[in-house]
């Protein structure tokens with residue numbers, strides 16, 4: 001649930017990147033951090049957690065407009081999937097407004113993707129959230145690796161594996177080249193704002 | 001006059017949440033944190049929403065702030081006031097929060113509270129080093145005398161008569177049970193833990209010590225005022241007394257069972273009738289029951305099979321005790337009844353009210369008893385895991 005900050009006249013909403021280890025969550029966030037540099041307040045926080053990194057920054061995307069005179073401030077996080085980081089996960093997922101699931105296109109990571117998605121459902125449920133209801137966008141990352149001769153999965157197969165039930169919007173991407181990164185985030189922000197407006201009954 | 005702008009329980013609102021809240025509110029003032037597991041108070045100073053300094057025990061600055069993330073069970077109060085202390089913390093809010101939380105989960109920040117055993121047992125993998133069970137903050141008003149035991153000396157001998165009830169003021173002791181295959185170490189206890197059971201001052205069924213306790217380090221003990229405790233006890237309602245005695249028996253059952261499971265003496269199918277399940281582990285039964293006839297067996301379902309944790313008899317209570325975590329039914333064990341089992345429903349609310357009004361030492365005693373039951377159950381499951389792996 002987003003926070004209304006009356007002092008600053010801002011709505012703070014929380015977007016979380018989720019996905020298996022080394023799928024490109026960090027690369028996604030680094031790219032966004034660079035391209036929105038001017039609108040980012042403060043540094044990007046980066047914590048080394050075992051097997052993965054936890055990142056955070058917040059920014060005021062100019063192109064998002066405002067809701068009833070409130071600017072929208074976006075906090076972006078990645079969250080460590082490892083079981084032991086319960087406290088970090090709790091802080092990050094509590095009150096999350098939108099989720100971007102980054103899937104790894106490498107064929108060898110197929111199972112890791114599915115496990116991570118299941119894990120996401122489980123973790124959201126723990127904080128009273130429903131994966132079917134929360135604004136959720138999928139990104140099929142590392143499409144560029146096909147060009148390097150590495151076996152990657154067809155988009156159709158990934159959709160079948162991960163998106164058959166959820167039917168969330170999905171985007172092919174190559175985070176390292178910056179392709180598809182902005183589109184994924186924008187879609188997620190769009191869904192999040194629609195859902196926020198609905199929640200606050202400001203839509204009518 | 002002191003004015004609290006914000007106060008509450010850390011169980012409900014964690015330090016991470018509070019920091020974020022004070023941050024987005026750009027508050028200036030002092031956040032005080034207290035925990036019943038430590039006597040010192042933690043303080044964090046905020047200027048315009050950013051933590052600038054902190055203190056906790058002998059620590060200051062960021063180290064103090066980090067350590068406060070380990071006070072997961074406690075209370076906080078935020079005072080809206082001018083802060084004039086020096087700024088020695090320069091990290092951003094989220095950096096502090098995310099860093100501290102990952103340190104907490106990595107075990108670099110100590111969690112204050114009754115030990116969390118499952119973590120320790122799993123990570124150490126070395127069962128010769130037993131976890132140390134600490135009790136709640138000691139209430140000194142009931143201590144009438146102090147005694148000291150040197151390391152490796154026996155404090156209590158198994159099977160001997162003895163009526164003292166002690167609380168450990170300093171040091172670590174070990175609970176040991178005699179078995180045909182040699183002494184079996186069950187638990188280590190530290191500051192705040194109690195030695196002796198209710199029977200110590202009730203003279204229930206004689207006062208035979210059910211296990212030996214020896215000092216691991218030099219141990220300083222406080223002798224508790226048994227007369228005052230028995231007066232407190234007599235002031236309680238009949239049903240609450242019954243609950244306390246039932247917990248005491250349950251503790252003894254849990255210990256007996258740990259030994260039996262260790263010796264691999266238990267044949268579960270011989271006494272448990274799967275058809276007569278009263279409570280299913282994890283189903284969230286909300287009621288409390290008193291047994292009027294028959295026997296109820298408490299059994300935990302683990303990935304290595306069913307583990308018996310003890311049996312309850314007429315007069316004993318089972319079900320959900322809202323203010324205590326026994327680590328048994330309804331969340332962590334099932335209850336199976338004998339064919340002739342009969343029980344009646346009790347109201348947990350009456351118990352809750354009486355519990356809230358208990359004297360500190362008695363409350364501590366009951367809390368500690370619950371933690372001991374919970375931990376002994378875990379130890380039993382570890383024994384079971386080992387014998388099933390053999």
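Restricting attention to the stretch A:175-184, the residues that are surrounded by 16 or more Cβ atoms within 10 Å (Cβ to Cβ) and in contact with a strand residue (DSSP E or B) (Cβ under 7 Å, 6 or more places away or on another chain) total 3. Kindly check whether there is at least one residue in the stretch A:137-157 that is assigned to a helix (DSSP H, G or I), in contact with a helix residue (DSSP H, G or I) (Cβ under 8 Å, 6 or more places away or on another chain) and in contact (Cβ under 8 Å) with a residue 60 or more places away in the chain. Checked the stretch A:137-157: no residue is assigned to a helix (DSSP H, G or I), in contact with a helix residue (DSSP H, G or I) (Cβ under 8 Å, 6 or more places away or on another chain) and in contact (Cβ under 8 Å) with a residue 60 or more places away in the chain. Comparison of B:334, B:374 shows that the only residue that is more than 23 Å from residue B:133 (Cβ to Cβ) and surrounded by 16 or more Cβ atoms within 10 Å (Cβ to Cβ) is B:334. The conditions of being touching a strand residue (DSSP E or B) at 6+ places or on another chain (Cβ under 8 Å), away from chain B (no Cβ under 14 Å), modelled with pLDDT of 90 or more and crowded, with 22+ Cβ neighbours inside 10 Å are not met by residue A:77. Going by the conditions given, is residue A:91 within 12 Å of another protein chain (Cβ to nearest Cβ), assigned to a strand (DSSP E or B) and either buried (at least 20 other Cβ atoms within 10 Å of the Cβ) or touching a residue at least 60 places away in the same chain (Cβ under 8 Å) (or both)? It is false that residue A:91 is within 12 Å of another protein chain (Cβ to nearest Cβ), assigned to a strand (DSSP E or B) and either buried (at least 20 other Cβ atoms within 10 Å of the Cβ) or touching a residue at least 60 places away in the same chain (Cβ under 8 Å) (or both).
So that you can scan it fast, the table gives a plain yes or no per residue for (1) over 25 Å from residue B:230 (Cα atoms); (2) part of a helix (DSSP H, G or I); (3) modelled with pLDDT under 90:
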position: B:283; (1), (2), (3): yes, no, yes
position: B:307; (1), (2), (3): yes, no, yes
position: B:322; (1), (2), (3): no, no, yes
position: B:336; (1), (2), (3): yes, no, yes
position: B:351; (1), (2), (3): no, yes, yes
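Residue-level check: of (1) more than 27 Å from residue B:137 (Cα to Cα); (2) in a loop (DSSP other than H, G, I, E, B), residue B:381 misses just (2).
Would you mind stating whether residue A:71 is part of a strand (DSSP E or B) and within 9 Å of chain B (Cβ to nearest Cβ)? No, not satisfied.
Could you say whether any residue in the stretch B:85-94 is touching a strand residue (DSSP E or B) at 6+ places or on another chain (Cβ under 8 Å), surrounded by 22 or more Cβ atoms within 10 Å (Cβ to Cβ) and part of a helix (DSSP H, G or I)? Yes, the stretch B:85-94 contains a residue that is touching a strand residue (DSSP E or B) at 6+ places or on another chain (Cβ under 8 Å), surrounded by 22 or more Cβ atoms within 10 Å (Cβ to Cβ) and part of a helix (DSSP H, G or I).
Looking across the stretch B:19-57, just one residue is in contact (Cβ under 8 Å) with a residue 60 or more places away in the chain, surrounded by fewer than 20 Cβ atoms within 10 Å (Cβ to Cβ) and part of a helix (DSSP H, G or I), and that is B:23. Considering only the stretch A:17-55, state which residues are more than 13 Å from every other protein chain (Cβ to nearest Cβ), touching a helix residue (DSSP H, G or I) at 6+ places or on another chain (Cβ under 8 Å) and not in a loop (DSSP other than H, G, I, E, B). Of everything in the stretch A:17-55, those that are more than 13 Å from every other protein chain (Cβ to nearest Cβ), touching a helix residue (DSSP H, G or I) at 6+ places or on another chain (Cβ under 8 Å) and not in a loop (DSSP other than H, G, I, E, B) turn out to be A:17, A:18, A:27, A:28, A:31, A:32, A:35, A:39.
Looking only at the stretch A:1-12, residues that are more than 12 Å from chain B (Cβ to nearest Cβ) and assigned to a strand (DSSP E or B) come to 0 in all.
The values are calculated or read from the model by the stated rules, or taken from the named source; none is laboratory data. Keep in mind the model is a prediction, meaning the values are calculated, not measured. Note that we place each Cβ from the backbone using ideal geometry, even for glycine, and neighbour counts take in every protein chain shown.
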